[in-house]
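The values are calculated or read from the model by the stated rules, or taken from the named source; none is laboratory data. Keep in mind the model is a prediction, meaning the values are calculated, not measured. When we count neighbours, we look across all protein chains shown, and the Cβ atoms used for this are built from the backbone with ideal geometry, even at glycine. We work out accessible area using only protein heavy atoms, side chains counted, and drop any ligands, DNA or RNA first. Shrake-Rupley method; radii C 1.70, N 1.55, O 1.52, S 1.80 Å.
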Amino acid sequence: MNSDGSNARRISFGQGRYATPVWSPRGDLVAFTRQGAEGFAIGVMRPDGSQERLLSNAFLVEGPTWSPNGRVIMFFRQAGGGAPPGLASIDVTGYNERAVRTPGAASDPAWSPLIP
């Protein structure tokens, strides 16, 4: 949509429900959560809806947030089977997924701004 809210248009047309869209700091990608028959996934796409890529999926993954440099996405992850919820990060290529260690269960990640 335009900055004034006009000209809104849909960009997601894949299978499932899309939620929690977040613009990358550079404005070249939109991260999102997708819920479908196979469960939840975190993905990215271009602002026009093209080049959709799913980066991670699990019983429950959602709430993507971009690192300040736009190269890493952090999100909430729960594996299922009574596993505690936690945080994970993955780079925008879909590689290097890592658990983010926290002292207990965690959700709703957020990055701090770059500190000079």
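Pairs linking a residue in region 1-13 that is of a type in the set (S, T, N, Q) and in a loop (DSSP other than H, G, I, E, B) to a residue that is modelled with pLDDT under 85 and exposed (fewer than 10 other Cβ atoms within 10 Å of the Cβ), with Cβ atoms under 7 Å and 6 or more positions apart or on different chains, are Asn7/Met1.
Hey, which of the strands (runs of 3 or more DSSP E) in region 31-99, taking only ones fully inside, have at least 1 residues that are farther than 15 Å from Ala19 by Cβ and either touching a residue at least 40 places away in the same chain (Cβ under 8 Å) or touching an Asp or Glu at 6+ places or on another chain (Cβ under 8 Å) (or both)?
Details: elements: 39-45, 53-58, 60-66, 72-78, 86-91.
Here the list reads 53-58, 60-66, 72-78, 86-91.
Among the residues making up region 52-89, those that are within 19 Å of Leu114 (Cα to Cα) and either open to solvent by 40 Å² or more (accessible area, probe 1.4 Å) or touching a Phe, Trp or Tyr at 6+ places or on another chain (Cβ under 8 Å) (or both) are Pro64, Thr65, Trp66, Ser67, Pro68, Asn69, Arg71, Val72, Ile73, Met74, Ser89. Just to verify a result, which residue in region 96-107, among those that are at pLDDT 90 or above and under 19 Å from Ala41 (Cβ atoms), is most open to solvent (accessible area, probe 1.4 Å)? Taking the candidates together, the pick is Arg98.
Taken together, the residues in region 12-45 that are over 14 Å from the mean Cα position of the chain (by Cα) and at positive phi amount to 3. Within region 96-116, identify whether any single residue is touching a Phe, Trp or Tyr at 6+ places or on another chain (Cβ under 7 Å) and among the aliphatic types (A, V, I, L, M), and answer yes or no. No, there is no match, as no residue in region 96-116 is touching a Phe, Trp or Tyr at 6+ places or on another chain (Cβ under 7 Å) and among the aliphatic types (A, V, I, L, M).
Can you report the number of residues in region 20-54 which are among the small types (Gly, Ala, Ser) and touching a Gly at 6+ places or on another chain (Cβ under 6 Å)?
Taking region 20-54 as the starting set, the residues that turn out to be among the small types (Gly, Ala, Ser) are 24, 27, 31, 36-37, 39, 41, 43, 49-50.
If we keep only those that are touching a Gly at 6+ places or on another chain (Cβ under 6 Å) too, we end up with 24, 36.
Selection size over region 20-54: 2.
Criterion first (part of a loop (DSSP other than H, G, I, E, B), modelled with pLDDT of 90 or more and surrounded by fewer than 16 Cβ atoms within 10 Å (Cβ to Cβ)) does Pro21 satisfy it? Judged against the criteria, Pro21 is not a match.
Only residues that are within 11 Å of the chain's Cα centre (by Cα) and closer than 19 Å to Tyr95 by Cβ were counted in region 54-66, giving 8.
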